[in-house]
Each structure stands twice: as C-alpha cells, then as structure tokens.
Amino acid sequence: MSDLEKENTQPSRDRELGMRRNITRRDFLNGIAVGVGGTLASPWIAGLLEAQTSATSAQDRPRYYPPTLTGMRGSHPGAFEVAHALRDGTFWETAGKPIDTGETFDLIVVGGGVSGLAAAYFYRKQAGPSARILILDNHDDFGGHAKRNEFHLAGRMLLTNGGTVAIESPFPYSKEARGLLTELGIDPPALQKKYASNHPYGDLGFGYFFDKETFGTERLVANAPGGFYGRQGASGKWAEFLARTPLSAEAQKDIVRIQEAKIDYMEGVAEAEKKARLSKMSYKDFLLNLVKAHPDVIPFYRTRTHGLYGIGIDAVPALDCWAIHFPGFQGMGLDRVPSKGLSFTALGEVTPQEEYHFHFPDGNASIARMLVRSLVPGVAPGTTAEDIVTAKMDYSRLDHGDSPIRIRLSSTAVLARHVGDSRSAKQVEVVYGRDQKAYTVRGKGIVLACWNMVIPYLCPDLPAEQKEALHYGVKVPLVYSVVGLRNWTAFHKLGVRGISCPGMYHSSMNLDQAPNIGEYRTPQSPEDPVLVHMLRTPCQPGLSARKQQRAGHYELLATSFDTFERNIRDQFGRVLGGSGFDPARDIEAITVNRWPHGYAYEYNPLWDPDWPEGKRPCDIARRRFGRITIANSDAAAAAYTDQAIDQGYRAVQEVLSS
Ligand SMILES: Cc1cc2nc3c(=O)[nH]c(=O)nc-3n(C[C@H](O)[C@H](O)[C@H](O)COP(=O)(O)OP(=O)(O)OC[C@H]3O[C@@H](n4cnc5c(N)ncnc54)[C@H](O)[C@@H]3O)c2cc1C
C-alpha cells in the first residue's frame, strides 16, 4: 500500500471525504472481492448468492428499472459468475440437470447488446412478424455495452451513457446499418443539426491536473491550448500554458517543440517508408527516440490514448497517433490518405466521411431502447428519436407470453448445440443459467451475439482452429465512473469543463455533455446538479497490448466499489479543492460502470501480425457452424456500433440459409 493509500484509508480521512455519507451508490450492491484469478471458489453457488437476491428473475417485478441503479454497474455482481464457472469447469459440477422449459423458438439470440438486438430485428424483418425469437443476456439490463445511467438529483432526471456513447464510427455506416437506424427513426446528421450544441459550458475550457506523486507538485492549470487532447498544430500558446505547470524547463521546451514545430524527424526517408516505420514503433518511442524529447514529457502524454485504445502511448503505434491528430508529426510530410500499417480506428480517421457528433443523452442506449421498443409490443410509449429519451420502459413486458419476441435478462447461456449431428440437425438447443438453476430452450437456429471468448465454452463441438481464433482477441478493460454533483460551481470558478489527470486513478474528468432533446433538459446554470464522467483504464505499461488487457481485466474484478469511491472522492477533493469543493458535501451519487470485457479487440500493428485478407482471427472465428452463427462487434474486431449491427445482419443471413 502506498503512503497515499494508507493516508486515504484512515478513518479520519474517510470522514473528510464523506465515505460513509448516505448517497445513491449502494442501492444495488457493492463490488464483491474476488481473487486475482478473477474467480470465486464455487462461482455457480457462491457468485450468485447475495449478488442475485435483488436482481435475478426480478425483471417481472413492479418497479424493476435497472437504469436507475447506482453503485457497481457495467459488469455488475451477478452478471459474470456463471460464465466464469463455465470457464473454470465448475459450472456443471453444481448446476444439476437442466430444467426443460418446453419452449421452442425460430431463433435464439445469445447476447442482448446492439448486435443481438439488431440480429433479432433483421430476422423478424426477413422471416415475418410472427417469428418467435428469444434473446438471452447475462446482465440485469439489455443493451450490452450500450447502457443507460439514469440519475434523479434534486428532482431532475440526468442521463448519461454507462458505456457506448457515439453513433459516429470511423467509416460510414453500411447500407444495412444505416437502414436500421433510418427505420427506427434515427437520422444522426439531422439530429446533429437540430440538437447538437446546446450544452451550457460554451466558454469553459480544458485543463490539466498535475499530481504531486507524478509531477512533484499539486496544481490545476486551466486554459490548455488545443482542447482536451492538445491536438497537433502550431497554436503559439503552449509556452505560456506550460510556464504555469510544474513541468521541468527541459520538458516545457520539448513539449512546445512537439506541439508546434514543423520538423521532419526522418528527413530523407520516403513517405511510405516513414509510415511503415512509424507503424512499428510506439508513440512513446517516437517521442523519446526520434523526437529525442526529454523523458519528463512522457508523464504529460502517457494517458492520451486511454480513451480510444484503453492502453497508453507505450502500446499504441506512432502512425495511429499521427492519424488521430497527435502532435509531433506536423513537419513530417505524411499524406492523410488510407495506407497500410494503421489500425481499424486510425484507418477510419484518414478516410473521408460526413462528420457528425450527435449523441443521445444516454449514448447508444437509446438505439438499444428503440430496438427493444420496436421488437417487443407495449414495452415503451412513443415512436420517435426524441420521445425515447425520457420514455419509461416496462421491463415486465420484455419476457411476456403474448410477444413473439422475448428478452430474458440475468440469463447466461452455458451451452449452444445441435440436437444431433451439426451437418443434418433440424433443431438446436441452448442451456442457460438463471436463478441458480439451468434451463433448456430449443429452436431452429442460434445467433451467438455474445463475446468471442465465451463461445468455445458454449460450443465445445466447434473445430479446434475456430476455437483458437475465438480466443485470440482480448477485450479492452475500461471503467466509466459517473459522479452526480449537487452543482458545478467549482468547475465554473476554475474555468474548466474537462480535466486531464495523467497521474491520477481516473485519467480524466469531464462535465457530461448531452443535448436537450425531446423533453430532456440538461443542466443550464452552474447551480444545477450535474454528472461528471471519469475514465479509468487499468493499464500495465511494459506488457504487450493483449497482456495489459488480461491483467487489467483481473484488476477490475478484484477492485471493490469502496476502493473506487475512495479514489473518486480523493481525486475530486484534490483536483477541485482550490474552488471550495467539498467531496463530503458536494457528491450526491456514484456509479462505476466497470467493463472488464470492454471494447472488441482491434488488431494493433505494433503487436499483431499482418494477416492476409480473410485470415485474421476474427474471419476464422465467425465461421458458421451448422445452424449456429456468430455476431457481435468481436466478429469484426472493431469496437463500433455499426460493426455490431453489420455482424448481426451477416449472422442472420447465414442462419436463414442454414
Ligand atoms: C465503455 C465503452 C464505451 C464504448 N463507446 C463506444 C462508442 O462511443 N461508439 C461506438 O460505436 N462503440 C463504442 N463502444 C463499443 C461497443 O462495444 C459497441 O459499439 C457495441 O455496443 C457492441 O455491441 P455488441 O452487441 O457487439 O456487444 P455487447 O454490447 O458487448 O453485447 C454483448 C452482450 O452479450 C452478453 N453475453 C456475453 N456472454 C453471454 C452469455 N454466455 N450468455 C448471455 N449473454 C452473454 C454480454 O454480457 C453483452 O451484454 C464502447 C464500448 C465500451 C465498453
């Protein structure tokens, strides 16, 4: 334990931070401690125990409304224990014989994220309105990563995204994905024109917080040039900004050079060769070895890639950083055209497309909610992109006898197989765990819209090569913590709406930025309650991307809600302290959206081979297996909503032709 951690866990410090204050943080359940292996001794029995008492089978109960739950969300207690028991080989020891529900469906979809919901939508569209479809999801809410966080503070509803936020993707939406949005009534560029820029923080800028553990002195410095990411390009303002920071004189000089100077650090090298070399060195190595910057600049830049990649500048290729507008490359004569050696995300950055930044107040949870409204009759009122935002959904309709499409929550699929030989079977079955029991349902086909890494455990009959490919990608762990404040006068006084905190537990904190849309109203005056978004990515610099992600996954599952809360309160107190902010008084609610299995793994030119077309692990992993097909953004190795929809579409075409 560090000195700071020791100091922070003292009872007096806890009191100062308000650790025991009765805020909306624990109406569900705290994080549960798990071992470093990420498992409990007998997860099937132990994992579900108290964690499930208030959630399992609860979707039919009156007032069941998971978006308003706070505390540990995302991969919440009760959501993952069955899958981990399956992985560890203990599930079947304790589950007992599955109970046959006697239900049969045309299609069973495993995974109620955007991909699974889209698959159900496409299937119904092609097979007809009477098609019977069951969607299973292990969480207590639908949407997968596209989750809604709904707070009620001082009588006002405040919404934000618990995961997926942006509709915009690196590449234009396909005909099918765009078509689905259009049919639902979502036209992002039109919504952008109507609603995008009506948040109240107009003249507040961005700042950096320098913590004493990393930078020797504690200081918030406002008015950072270049916006939140300090993007490349000469602004002429960096020297003045840096002079107010505790960075060493050498670091300041080099940061000005990195941000503003037009220098070719590979003079005489052909452009294509420059790009090839930059794709095989990290941004950190670029700064240290090519730019020859002082090592003190690294702590200033190291977390800049966290939001997009979930890993630091030590593990992201320099060429990707050029594509996403990081500084240092402005004199290198690199053409902004698509080229080899870029990851999916970075390739999209240099591929022209119509830009829009509209997002719903709860992010793409609104897309999931509109899909569910279209699939399940009577679940929510309204018909438009506006009225979905404040619509209250009736969860008791989700798995109701009179709907041909049913969504069953808190249900983890543990087996998906053919009844008979996969080459000739006419029927499939799925076993799922729920309420500490196992159940069987049958159907004509299965779309596995769940995560690649669980599929080999669900489908032991898959070919070995396909199982290996399914295991290749390691999903990116990350946390979106959302903190409800009684007002944002502290941000207002300090002149910031977003703060980069490269040395802190959460590497950034930003006032939530949602549009007024429909009947939804965002906070306007600094006296209004507000939500603050914080990002944490549990990186382990020095390891490969996949190893960092694996280590981060275990770290997140082993971190209790108390630890998150203490760190959040400490960070707020220190960063905003100069404004009179008091974490014990001013924090009203905390939700930790923990995603140990977050973004789909994107291939990273620094760490992954350059596979020939059609031979990437995701190409092999998503092969149809008889009547079982595979969707999810993992199947595209691209963590975007349009990709999730496209994979749902493809999987449905395959299952319909099987
Ligand atoms: C924090 C975060 C922020 C993001 N931000 C963006 C963004 O701004 N824009 C963007 O385009 N994309 C974003 N993404 C990527 C996001 O993953 C995709 O856009 C999309 O939502 C993925 O949908 P999906 O259905 O493919 O997967 P998921 O949303 O992961 O859904 C799959 C579902 O299957 C469930 N499941 C897994 N195993 C089982 C099982 N055995 N039984 C039952 N259910 C199971 C999972 O728990 C999950 O609920 C973000 C992701 C995260 C984690």
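Loop-only check: which GluC sites (Glu not before Pro) in segment 550-658 are DSSP coil with at most 14 other Cβ within 10 angstrom? When the GluC sites (Glu not before Pro) of segment 550-658 are filtered for loop state and at most 14 Cβ neighbours within 10 Å, Glu613 remain.
Exposure check, 1.4 Å probe, all protein chains in place: His492 carries approximately 100 Å² of accessible surface.
Roughly speaking, to the nearest percent, how much of the chain's 1.4 Å accessible area is carbon and sulfur?
Using a 1.4 Å probe with all protein chains present, the chain comes out at 51 percent carbon and sulfur.
Using alpha carbons only, how many degrees (0 to 90, rounded to 10) separate the axis of helix 365-375 from the longest principal axis of the chain? Its long axis makes an angle of about 20 degrees.
Scaled to the globular estimate 2.2 N^0.38 Å, the Cα spread of segment 421-544, given as radius of gyration, is 1.71.
Hull volume per residue, based on the alpha-carbon atoms of segment 95-247 and their convex hull, is 263 Å³.
Rank Cys539, Cys618 by accessible area, highest first, at a 1.4 Å probe radius? Could you put the intermediate results ahead of the total?
Details: Cys539 30, Cys618 0 Å².
So, going from the largest accessible area down, we get Cys539, Cys618.
Pairs of C-alpha atoms in segment 547-654 farther apart than 17 Å represent 69 percent of all such pairs. Compute the signed sum of charges (Lys and Arg +1, Asp and Glu -1) over the other residues within less than 11 Å, Cβ to Cβ, of Glu555. Its environment carries a net charge of +3. Positive-end ranking of Phe581, Pro460, Tyr173 along the dipole of the chain, with charges on Cβ about the Cα centre, is headed by Pro460. Using the Cα centre as the reference, give the magnitude of the dipole from point charges on the C-beta atoms of the chain (Lys, Arg: +1; Asp, Glu: -1; all else neutral), rounded to the nearest 20 debye. Charge dipole, the chain, about its Cα centre: 480 debye, nearest 20.
Any idea what the dipole of segment 567-634 comes to, in debye rounded to 20, about its Cα centre with Lys/Arg Cβ at +1 and Asp/Glu Cβ at -1?
Roughly 400 debye, rounded to the nearest 20.
The listed residues Arg336, Arg15, Arg423, once ranked by accessible area (1.4 Å probe) with the largest placed first, stand as Arg423, Arg15, Arg336. For the chain, the per residue solvent-accessible surface stands at 37 Å², with DNA, RNA and ligands left out and a 1.4 Å probe.
Here's the picture: charge each Lys and Arg Cβ at +1 and each Asp and Glu Cβ at -1 in segment 484-578, and of Leu556, Ser544, Ala490 the one pushed furthest to the positive end of that dipole is Ser544.
Val655 sits with roughly 10 Å² accessible to a 1.4 Å probe, with DNA, RNA and ligands left out of the calculation.
In the assembled protein chains, Ser507 presents an accessible area of approximately 10 Å² (probe radius 1.4 Å). The angle between the Cα long axis of helix 114-127 and the main principal axis of the chain comes to about 40°, on a 0 to 90 degree scale. The Cβ shell under 10 Å around Asp106 holds other residues with a net charge of +3, Lys and Arg each +1, Asp and Glu each -1. Set the Cα radius of gyration of the chain against 2.2 N^0.38 Å, with N its number of residues, and you get 0.95.
Partner aspartates and glutamates whose Cα lies under 19 Å from the Cα of Lys193, excluding those fewer than 8 positions away in the same chain, are identified as Glu168, Glu354, Glu355, Asp362, Glu386, Asp387, Glu519. Straight-line reach from Lys475: taking Cα to Cα under 17 Å and skipping same-chain neighbours fewer than 8 places apart, the aspartates and glutamates in range are Glu555, Glu602, Asp608, Asp619, Asp634. Between Gly518, His199, Gly78, the Cα set farthest toward the positive side of the dipole of the chain (charges on each charged residue's Cβ, about the Cα centre) is that of Gly78.
Taking the C-alpha atoms only, the angle from helix 175-184 to the longest principal axis of the chain is near 80 degrees.
Each other residue within a Cβ distance under 12 Å of Gly626 adds +1 if Lys or Arg and -1 if Asp or Glu, for a net charge of +4. The dipole here belongs to segment 375-422: it is taken about the Cα centre, uses +1 on the Cβ of Lys and Arg and -1 on the Cβ of Asp and Glu, and is about 180 debye.
A straight Cα-to-Cα reach below 23 Å connects Lys437 with the lysines Lys97, residues fewer than 8 places away in its own chain not being considered.
The values are calculated or read from the model by the stated rules, or taken from the named source; none is laboratory data. Nothing here was measured: the structure is a model prediction, and the numbers come from that model. Because the Cβ atoms are built from the backbone with ideal geometry, glycine has one as well, and the counts that use them run over all protein chains shown. Just so you know, the surface numbers come from the protein's heavy atoms only, side chains and all, with ligands and any DNA or RNA stripped out. Shrake-Rupley method; radii C 1.70, N 1.55, O 1.52, S 1.80 Å.
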